[in-house]
1. Find how many whole Å separate the alpha carbon centroid of region 198-265 from the alpha carbon centroid of region 118-140.
2. So what's the Cα pair-distance distribution over the chain, bin width 5 Å, in %?
3. Quickly work out the I257-to-K23 label distance, labels modelled 7 Å from Cα along the C-beta direction, and quote it in nm with one decimal.
4. First check a/c for region 1-157, with a ≥ b ≥ c the square roots of the eigenvalues of its C-alpha gyration tensor; if it is under 1.5, answer rounded, and if not, answer prolate when a/b is larger than b/c or oblate otherwise.
5. Across the chain, where is the longest run that never hits chymotrypsin sites (Phe, Trp or Tyr not before Pro) in a DSSP loop with at most 14 other C-beta atoms within 10 Å?
6. For H53, what accessible surface area do you get with a 1.4 Å probe? Give it in Å², rounded to 10.
7. In whole percent, how big is the carbon plus sulfur part of the accessible area of the chain, probe 1.4 Å, protein atoms only?
Amino acid sequence: GKSIGTGTIQYLTHEMDEQFTRKLQLERSLFTALEDQALHLVYQPIINLKTKHVDGFEALLRWNHTALGSIPPDEFIPLAEEAALITPINNWVVIEACERLALWQKQIAPDLTMAINISPHQFQSDSFVRTLQHVVSQKKIDPRFVTLELTENIAILQTQRTIERMQLIQALGFRLSIDDFGTGYSSLQYLRAFPIDELKIDKVFIDGIDLGENGLLDSIIQLGQNLKLNLVAEGVETTTALSYLEATACQQMQGFIFSEPLSVEEVELRFGSSNPE
Ligand code: C2E
Ligand code: CA
Ligand code: CA
Ligand code: CA
């Protein structure tokens, strides 16, 4: 009859309304999130697979919304991009993470590194290079210890322009890494053309170890080794994965098996000089 489906449609419309309302609400509060100090960074340790020491940290953005609670970066970063709010937020992340590194190099270890996620939009913006220049000229940190993580998707368009920009950033002294490697578009082509220092092997390939599917992972490691790139395994959760990686040319790993992302206080408690580990 005529009425079949009406309920479903009303239900779906209601769902869409709710999603839309949430999106609007998030977008509106994102405008003031920075000044409200509702954004903060957490830091996940990056472990050396040979020495088992903490080589450095990856800075990860968190947003505590007063009404809606903790909003994951995968949800609010795309929103911020749409609303053109991403630039001030991203520039804040770079400066905050670099300042934290300067402090921790004094407190924890002088050669500690910091990895920072860079969105495609941020990478293309002029204020990004200015922010990096600002960080360098302040001389609080040596950019050799800072790795900027880009995704393969930055280079779908304007390949030449992207390469030039990467060269400029490297000339300032920063290291460049390809994040989520193996999940983007035409990875192999990029690898040859792009001036990069490191690959972060996406979690899907690490999860393969536990399923007995190591073929792609082995190829990526072989490739990275041939190109003399630093290799970081992401999302290591199991001892099976860890012991497999220990026997490969992969240099570093990150994952819940060692540590989740930590607050500043947690890092200082666990790794600070008063509590050496
Ligand atoms: P990503 O850069 O690939 O970061 C790794 C994500 O995996 C993080 O999620 C981290 O908490 C999670 N993770 C680490 N180890 C494990 C593990 O063993 N198991 C599992 N299941 N997950 C693990 P998070 O913090 O939710 O970040 C999600 C994504 O949001 C990041 O993926 C990155 O693309 C983006 N993001 C985070 N912070 C920033 C930022 O400051 N700027 C930009 N542009 N993007 C950011
Ligand atoms: Ca990352
Ligand atoms: Ca990643
Ligand atoms: Ca990811």
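The values are calculated or read from the model by the stated rules, or taken from the named source; none is laboratory data. Nothing here was measured: the structure is a model prediction, and the numbers come from that model. Reconstructed Cβ throughout: ideal geometry from the backbone, glycine too, with neighbour counts over all protein chains shown. Just so you know, the surface numbers come from the protein's heavy atoms only, side chains and all, with ligands and any DNA or RNA stripped out. Shrake-Rupley method; radii C 1.70, N 1.55, O 1.52, S 1.80 Å.
1. Using only Cα atoms, the two centres lie 29 Å from each other.
2. Computed distribution, short to long bins: 1, 5, 11, 15, 16, 16, 14, 10, 6, 3, 2, 1, 1, 0, 0.
3. Using points 7 Å along Cα→Cβ, the separation is 3.9 nm.
4. prolate
5. Of all site-free stretches, the longest is 1-184.
6. Result for H53: roughly 120 Å² accessible.
7. 54 percent
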